[in-house]
Every structure is written in structure tokens, then in C-alpha cells.
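Read the structure below first, then the notes.
The values are calculated or read from the model by the stated rules, or taken from the named source; none is laboratory data. None of the values given here were measured: they were computed from a predicted structure. Ideal geometry is used to build each Cβ from the backbone, glycine not excepted, and the neighbour counts take in all protein chains shown.
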Amino acid sequence: MSAPFRFPRFFVTNPSPCPYLPGRSERKVFTELSGEHAGELNDALGRIGFRRSQNVAYRPSCADCSACVSVRVVTQEFKPNATQRKVIRRNSDLVVTACKPWSTEEQYALLQRYLQARHPGGGMTEMDDMDYADMVEQTPVESHVIEYREPGSGGRPGRLIGACLTDRQADGLSMIYSYFDPDLPHRPGMGNYIIIDHILRARRADLPYVYLGYWVEGSKRMQYKIRYRPLERLGRGGWVRFDPDEQEQAIRNFAERDSADGGGVFRK
């Protein structure tokens, strides 16, 4: 008898500068996702902290650092706080559509505006339209681009102001990459709204979790993920829930730094 699928071969990248913590280096372990069982493999790896990029699953494997911590929101117990409820009301008119993972010129143009405003000089700013198409379309698993549009008129769709490349896993939604229009003063908190919408979307589908990727304590770019409760993190013994007092203090610390720096929403 043959095994249902071949045990994956794992590889390790060479060390490179860490994009989140100055003065540190990062290294990743990765494997290819291919074949008819790619979805099952991606589900299994997602439960132990791997993330997907095109047809590769990866996770940090740094020799002297363990700051990157996988986190996920427990959807059935999520209760939006006052600020999150305000964000929901403010954007309740948006038309949200789960689209097939096909790239469009409109999506790419929005991504470029987002990157130039939020991450100037970052590696993704060098992406051309073909790179973006690869990011969206090269997926061996069930994926969608969730589009967020303002109301249309005359039977035509409204303006695209947000999008998220999202995988559906057996136990939840995994937010691969989200971006939005950075110049909408009448819609502050669009990045937050996209996350909240995914939590509510997963709940309606009876999916227990929304995977947010890695929380990196000490990295301002990654602190926003601490604001969603209940939140679980992956440790040596498996997934455990954040201590409420610890999470509350982390939220306060993030709010104080964010206020001092003038605010902002950062990518996953």
C-alpha cells in the first residue's frame, strides 16, 4: 500500500536581516505545496504555525530568536469592543465580495497606493503586475480575494477600497495579505474592519479561527494583532489563550506607542 501523500521535504533559507526587529537576522524553514493533497498539507502545517506564500508553506526558524509567535482569533467568542463596533457601523455600507483568486489591474493599482503610503522602501514596492498575479493566482489551496467596495451606481460596481488574499482552511480563515486605500479620511480603521469582517465571516461559516500570522512583540508593525480577543498563540505545548491581563497590558502599550507616533495601521 502507498501512503496517501508523500511526507514533505523541508528546507531552510540562509540567514537574512530581520524585517521586524533591527539588528537581528531571520531564517525560515519551508516546503512545497503541490499535488492533490496540497490543501490537507496546508491545513496541517497551518495548525503548527506555518504560513502560505504561493505554493510554499513556511515558518520562522531563527537560531537565536523566537519573537515571531503565531496567533489566531477564536471567532465564536469574539465580541467587538466599542471602537470595533464603531468601525463596523462606519463601513456597514460597503459591498463585500469573495472573488476567485484572479488578479486585476484595479487590485494591483490599489496595492501600489497602499505600499507607497504605508511601506515606502519595503521589498514589496518593487512588485510589478506579474509578481502580483503570481502572489494571487499561484495557489494550490482554496483561496479567495475578498474585495471591499463603496456602493456603486447605475448598475456599476463601486470603487475598490480594500482587498485581502484569504485561504479557507479546515478550521478557519487564514489572512495571507490585506491592503486598502490609504487616503480615506472618512473611513479610518479600514485595516481593522477587514480583520473584523473576516472574524464575522468565519463565525457565520462555523469556522472556529481566523489566523492572523505572526505577532512580534517589540515590532510596531505587528502589534495591532493584539487588539482582537479572545486571542490564542502557539507555544511549545500547543495553542494557548493569552492571559487577559497580559493582553490588556500589551494593548495599552501598543496604544501608547501608536499615539506617540501619530497612529497608523500596518500589514500582516
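Cβ-Cβ distances below 7 Å connect the following pairs, each with a first residue in the range 1-27 that is under 15 Å from Cys68 (Cα atoms) and among the acidic types (Asp, Glu), a second residue that is at pLDDT 90 or above and in a strand (DSSP E or B), and a separation of six or more residues or different chains: Glu26/Ser16; Glu26/Pro60.
Looking for something among the aliphatic types (A, V, I, L, M) and within 19 Å of Thr139 (Cβ to Cβ) - is there at least one such residue anywhere in the range 14-33? Yes; the residues of the range 14-33 include at least one that is among the aliphatic types (A, V, I, L, M) and within 19 Å of Thr139 (Cβ to Cβ). Among the residues of the range 9-23, the ones that are surrounded by 15 or more Cβ atoms within 10 Å (Cβ to Cβ) and either of a type outside the set (A, V, I, L, M) or under 24 Å from Gly237 (Cβ atoms) (or both) come to 2 in all. Per the conditions (1) touching a strand residue (DSSP E or B) at 6+ places or on another chain (Cβ under 8 Å); (2) assigned to a helix (DSSP H, G or I); (3) more than 20 Å from Tyr20 (Cα to Cα), the sole criterion not satisfied by Glu246 is (1).
Taken together, the residues in the range 24-54 that are in a loop (DSSP other than H, G, I, E, B), at pLDDT 95 or above and surrounded by fewer than 16 Cβ atoms within 10 Å (Cβ to Cβ) amount to 2.
Number of residues in the range 70-128 that are assigned to a helix (DSSP H, G or I) and hydroxyl-bearing (Ser, Thr, Tyr): the value is 5. Among the residues of the range 187-198, the ones that are buried (at least 22 other Cβ atoms within 10 Å of the Cβ), out of contact with any Leu (no Cβ under 9 Å at 6 or more places or on another chain) and not β-branched (Val, Ile, Thr) come to 1 in all.
Considering every residue within the range 149-164, establish whether at least one is surrounded by 16 or more Cβ atoms within 10 Å (Cβ to Cβ), over 28 Å from Ala250 (Cα atoms) and out of contact with any Asp or Glu (no Cβ under 6 Å at 6 or more places or on another chain). Yes, the range 149-164 has at least one match.
Say we look at the range 172-186 and pick out the residues that are modelled with pLDDT of 95 or more and out of contact with any helix residue (DSSP H, G or I) (no Cβ under 7 Å at 6 or more places or on another chain); which of these is surrounded by the fewest Cβ atoms within 10 Å (Cβ to Cβ)? Reasoning before the result, please.
Narrowing the range 172-186 to residues modelled with pLDDT of 95 or more: 172-181.
When the remaining residues are screened for being out of contact with any helix residue (DSSP H, G or I) (no Cβ under 7 Å at 6 or more places or on another chain), the result is 176-177.
Working: Ile176: 22, Tyr177: 17.
Applying the filter and picking the extreme gives Tyr177.
Limited to the range 200-234, what total is found for residues that are more than 25 Å from Arg168 (Cβ to Cβ) and touching a residue at least 60 places away in the same chain (Cβ under 8 Å)? Outline the logic, then answer.
Going residue by residue through the range 200-234, those that are more than 25 Å from Arg168 (Cβ to Cβ) are 216-221, 223.
So of that shortlist, the ones also touching a residue at least 60 places away in the same chain (Cβ under 8 Å) come out as 216-219, 221.
Adding up the residues that qualify gives 5.
Given the structure, is Ala250 at negative phi and modelled with pLDDT under 90?
Values: at negative phi: yes; modelled with pLDDT under 90: yes.
Spelling it out, Ala250 is indeed at negative phi and modelled with pLDDT under 90.
Go through Ser143, Ser153 for me and flag whichever is assigned by TED's automatic domain parsing to the domain that holds Arg201, among the polar types (S, T, N, Q) and in contact with a Lys or Arg (Cβ under 8 Å, 6 or more places away or on another chain). First the steps, then the outcome.
On the way: Ser153 fails: in contact with a Lys or Arg (Cβ under 8 Å, 6 or more places away or on another chain).
The unique qualifying residue is Ser143.
Residues of the range 24-54 that are within 19 Å of Val145 (Cβ to Cβ) and of a type outside the set (Gly, Ala, Ser): Leu33, Asn42, Arg51, Arg52, Gln54.
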